[in-house]
Amino acid sequence: EAQVTQNPRYLITVTGKKLTVTCSQNMNHEYMSWYRQDPGLGLRQIYYSMNVEVTDKGDVPEGYKVSRKEKRNFPLILESPSPNQTSLYFCASSKLGYNEQFFGPGTRLTVL
Amino acid sequence: DAKTTQPTSMDCAEGRAANLPCNHSTISGNEYVYWYRQIHSQGPQYIIHGLKNNETNEMASLIITEDRKSSTLILPHATLRDTAVYYCIVMGSGGSNYKLTFGKGTLLTVNP
């Protein structure tokens with residue numbers, strides 16, 4: 001089944017404790033992206049990647065890192081999480097040249 | 001600036017057609033109309049897209065007016081599982097970033 005998976009689905013952590021949210025897709029998509037969704041602010045892009053080893057900042061990259069060492073994986077790294085990074089996070093992927101994006105199920109992160 | 005305008009909410013009876021309107025009066029010639037939906041806190045889901053011709057797939061139909069300034073998404077036989085926020089998005093194909101910018105969308109409630 002074609003899908004985007006994210007792990008963990010739920011995470012409660014404390015300020016400053018490094019964490020990684022994994023994202024994997026099995027559709028051989030070149031493009032992958034991370035969004036966060038907050039009430040009243042809609043979906044905001046954090047980082048995106050057009051292909052392996054090619055990443056770029058979205059609208060709200062501060063406090064986040066990403067890497068794209070393999071085509072299928074695009075982990076989101078929070079080196080020192082803060083409470084303002086409490087949010088619902090989505091990973092998405094698509095083929096280049098197409099705007100039909102496939103989204104993961106979401107990761108609900110709470111930073112205390 | 002909002003590129004699309006949608007009603008905040010709509011109701012539909014189960015089994016009836018749901019017709020969701022979207023105004024995009026400033027759409028340019030190479031921009032497509034995309035529809036996504038998001039069931040509560042789940043990942044957004046691509047539904048359909050079109051340029052100027054009407055389109056149909058297994059989920060829905062998309063009717064675009066001849067002047068392309070508005071469109072209607074039609075769910076032919078709405079079910080309770082179609083209750084979601086529906087987003088109409090205008091964007092060009094391809095490009096350097098496939099960032100999705102969701103507005104407030106239309107909350108469609110399908111009633112038994």
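The values are calculated or read from the model by the stated rules, or taken from the named source; none is laboratory data. Predicted model only: the values in this text are computed from it and were never measured. Neighbour counts are summed over all protein chains in view; Cβ atoms, including those assigned to glycine, are modelled from backbone coordinates with ideal geometry. These area figures cover heavy atoms from the full protein model, side chains too; ligands, DNA and RNA do not enter into them. Shrake-Rupley method; radii C 1.70, N 1.55, O 1.52, S 1.80 Å.
Taking every C-alpha pair closer than 8 Å and separated by at least 6 residues, the mean separation divided by the residue count of chain B gives a relative contact order of 37 percent.
With contacts taken as Cα pairs under 8 Å at a separation of at least 6 residues, chain A carries a relative contact order of 36 percent. On a per residue basis, the convex hull of the C-alpha atoms belonging to segment A:33-112 measures out at 97 Å³.
Which shape class, rounded, prolate or oblate, goes with segment B:30-96 when its Cα gyration tensor gives a ≥ b ≥ c as root eigenvalues, a/c under 1.5 marks rounded, and past that a/b bigger than b/c marks prolate?
On the way: a/c = 2.33, a/b = 1.36, b/c = 1.71.
It is oblate, given that a/c is not under 1.5 and a/b is not larger than b/c.
The orientation-averaged projected area of the convex hull spanned by the Cα atoms of the protein assembly as shown comes to 12.4 nm².
Computed over chain B with a Gaussian network model linking Cα atoms closer than 10 Å, the most mobile of B:Glu58, B:Glu14, B:Glu31 is B:Glu58. With every protein chain in place and a 1.4 angstrom probe, the accessible-area ranking of B:His24, B:His40, largest first, reads B:His40, B:His24.
Charge tally for A:Val60 (other residues, Cβ to Cβ under 15 Å; Lys, Arg +1; Asp, Glu -1): +1. Close amide H contacts of B:Ile47 (hydrogens built in the peptide plane, cut-off under 5 Å, sequence separation of 5 or more or a different chain): B:Trp35, B:Tyr36, B:Arg37.
Computed over segment A:56-101, the P(r) curve from all C-alpha pair distances, binned at 5 Å from the origin, holds 5, 15, 25, 27, 17, 9, 3, 0 percent per bin. The charge dipole of the protein assembly as shown, taken about the Cα centre with unit charges on the Cβ atoms of Lys, Arg (+1) and Asp, Glu (-1), comes to about 560 debye, rounded to the nearest 20. Taking the Cβ of B:Tyr86 as the centre, find all other residues whose Cβ is under 12 Å away and add up their charges (Lys, Arg: +1; Asp, Glu: -1). Within the 12 Å Cβ shell, the charges total +1.
When only the Cβ of Lys, Arg, Asp and Glu is charged (+1, +1, -1, -1), the dipole of chain B relative to its Cα centre reaches about 200 debye. Neighbouring Cβ atoms from other chains, within 10 Å of the Cβ of residues in A:26-34, number 1 on average. Coordinate range of the alpha-carbon atoms in chain B per principal axis, descending: 41, 30, 25 Å.
Cβ under 11 Å from B:Ser25's Cβ, B:Ser25 left aside: what net charge do those residues give with Lys, Arg +1 and Asp, Glu -1? Cβ neighbours under 11 Å give a net charge of +2. Over segment B:1-49, Cα pairs under 8 Å with separation of 6+ residues give a relative contact order of 29 percent.
Per-residue 3J(HN,Hα) values for segment B:47-52, derived from phi via the Karplus relation 6.51 cos²θ - 1.76 cosθ + 1.60 with θ = phi - 60°, read 10, 6, 8, x, 9, 9 Hz in sequence order (x marks Gly and Pro).
Taking all protein chains as they are arranged and a probe of 1.4 Å, the heavy atoms of B:Lys52 leave approximately 130 Å² accessible to solvent.
The accessible-area ordering, largest first, of the residues A:Lys18, A:Lys65, B:Lys99 stands as A:Lys18, A:Lys65, B:Lys99, per a 1.4 angstrom probe.
Exceeding 19 Å between C-alpha atoms, which entries from my cross-link table qualify? They are A:Lys18/A:Lys65; A:Lys71/A:Lys95; B:Lys3/B:Lys69; A:Lys65/B:Lys104; B:Lys3/B:Lys52.
Exceeds cut-off: A:Lys65/B:Lys104.
For the peptide A:95-104, the mean number of other protein chain Cβ atoms found within 10 angstrom of a residue's Cβ is 6. For segment A:1-48, the square roots of the Cα gyration tensor eigenvalues, ordered a ≥ b ≥ c, give a/c of at least 1.5 with a/b no greater than b/c, which places it in the oblate category.
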